[in-house]
Amino acid sequence: MNLIAKTFQGLEDELAKEITSLGGREVRVLKRAVSFTGDKALLYRVNLSAATALRVLVHLFEFRFYDQKSYYRQMREFRWEQHMHVDNTFAIDAVVQSKVFPHTRMAMYKAKDAIVDRFRDRTGRRPNVATREEDVRIHVFVKDRKARVYLDSSGSSLHLRGYKRRVGVAPLNEVLAAGLLRLSDWDATLPLIDPMCGSGTIPIEAALMAARQPVNALRSFGFMKWLSFEETIWNKVYQQAMDEAIEADCVILGGDKQARMIEVARANATRGGVERLVHFEHRDMKDWDRNGNPGVLLFNPPYDKRMEEADVRAFYHDIGDILKQNWQAHTAWMITANLDALKFVGLKASRRIPLFNGPLESRLVRYELYKGRKEGII
Ligand SMILES: C[S@@+](CC[C@H](N)C(=O)[O-])C[C@H]1O[C@@H](n2cnc3c(N)ncnc32)[C@H](O)[C@@H]1O
C-alpha cells in the first residue's frame, strides 16, 4: 500500500523517524506529510503508535481528466464496492487547484455523485453522505487536470487520543506536544517540567513517550469500519504495541497557577493511564524550588488575544526573569505564536525552530540557563 501520514509543518522529520522505526518502507518527507509504503499491519500500527501523525491516508487511485465529465466518469469507474458497503455513510474532503472546477465544492459534489450513481446502478440503493461521524472518509486532491484519491484510515484526527475530556482555554494539540518533546531531545534521564501545564498535554505525552505506550490505545479508527478490516491483524498489532510498553523510571512534573487546571490535568493523566508517572502541583512558575537541579522545561505560555500588547510584553519579560532567577541549571524550551512578545524575554535563544500550530506561525526556542549565572548564553 502507498500511504501518506499528515502532520504539522516543522514535524515532518520527526514523523519520518517514527514511521521508519515502526517498519515503514520508502519513507519520504513531504510538506506537512510523510509518504511511505507498508502493509495493513503497518497501517494499523502507525495509527495506533505514531505520536506525531495527524491522520493516515491510503492511496486508492489516480487519473488525468480533461473536463468535469471525464473526472466524473473516472470517479464512477472505480470499484468503490471493494472498499465500502452501500449501507455505509461516507464523506468527501477535497483540496482543489484546477481551472476545471470553479470551486472546491464542485469537485466534491461530482465525486459524491459518481459514487452514489455507481452504487445505485449496481444495487438500486444509494449510500448516504454523512455530515459527521461517517463510516468512510475519502480525500480527493486535484491539481490542474490530475486527481489523486485516498481513503482516510484514521477517521477523526489522531490528536484526539481519548484521554482528554476537559481542557483549559488554549490546550496544546497532542500531536504538537509529542513533536515538541521529540525536537527537545528529552530522553527521560533528566526531569521534565511543564510549569504552565494547563490540561497536562505535555506531561502526559512525555509519560506516554517514556513508557513507550501507544498514544492512541484508547480510541477507535476509521479503518475499523472498512470492508477490508481484519480484526485478527488489528488484535495482534494492538497486543504487540501494549507488550512493548516499559516500566519507565523518570521524573515528569506539571504545574499551573490555576487549581482548577491541576484537577483537569490529573483527571486527564488518569484517563491516559500515566498517573503514576506524572506529578502535578498547583503552583506559580516562580514558586518552584528546583533552582540549580538539572532538568528540562517545556511549556507554552498563554497566548491570549484579549491581553493588551503591553501586558503580553511585560508577561514575557517576567518569564525571562523567572527563568534566570529560579530555574538555573535547566534547559528551557518554550513555544509561542507571539513572535513580538518573544523578543521581551531578554534571554539569548540557543535554538529557534520554526513550526506551525495549524495556521499559526510559531517558534520553539531553547534557552540554556547556566548554574550560578544570571543569563542564558549561546
Ligand atoms: C496556553 S496554556 C497551556 C496549555 C497546556 N499546554 C495544555 O495543553 O492545556 C497556559 C497556562 O499557563 C498558566 N499560567 C499562566 N501564568 C502562569 C504562572 N505564572 N505560573 C504557572 N502557570 C501559569 C495558565 O493558567 C494556563 O493554564
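Assorted remarks:
- Each listed q (0.06, 0.07, 0.08, 0.12 Å⁻¹) maps to a log10 I(q)/I(0) for the chain, found by the Debye formula over equal Cα scatterers with no solvent: -0.28, -0.37, -0.48, -0.94.
- Spatial offset of region 315-334 relative to region 210-279 amounts to 30 Å, using the alpha carbon center of each.
- Residue exposure sequence - Ser184, Ser220 - by fewest surrounding Cβ within 10 Å: Ser220, Ser184
- Rounded to 5, percent antiparallel among DSSP beta bridges of region 2-152: 70
- Cα-Cα over 24 Å, subset of Lys17/Lys324; Lys348/Lys371; Lys40/Lys112; Lys112/Lys143; Lys6/Lys40; Lys286/Lys371: Lys17/Lys324; Lys40/Lys112
- Cβ-to-Cβ counts within 10 Å put Arg76, Arg28 in ascending order as Arg28, Arg76, the fewest first.
- Distance from region 80-146 to region 158-193 (C-alpha centre basis), Å: 35
- Net charge dipole, the chain: roughly 1300 debye, given to the nearest 20, about the Cα centre with Cβ charges of +1 for Lys and Arg and -1 for Asp and Glu.
- Charged-residue dipole, Cβ positions (Lys, Arg, Asp, Glu), region 96-189 about Cα centre, Debye nearest 20: 500
- Ordering Val215, Trp80, His139 by Cα displacement along the dipole of the chain toward the positive end leaves Trp80 in first place; charges were set at the Cβ atoms of Lys, Arg (+1) and Asp, Glu (-1).
- Sequence of Trp333, Trp327, Trp234 once ranked by neighbouring C-beta atoms within 10 Å, starting from the fewest: Trp234, Trp327, Trp333
- Rel. contact order, % - alpha carbon contacts under 8 angstrom, at least six apart, the chain: 15
- Candidate cross-link partners of Lys164 among the lysines, defined by an alpha-carbon separation under 21 Å and a same-chain spacing of 8 or more, comprise Lys257.
Just so you know, all these numbers are worked out from the coordinates, no wet-lab data involved. A quick note: this is a predicted structure, and the numbers were derived from the prediction, not measured. Here Cβ is always computed from backbone atoms with ideal geometry, including for glycine, and neighbour counts include all displayed protein chains.
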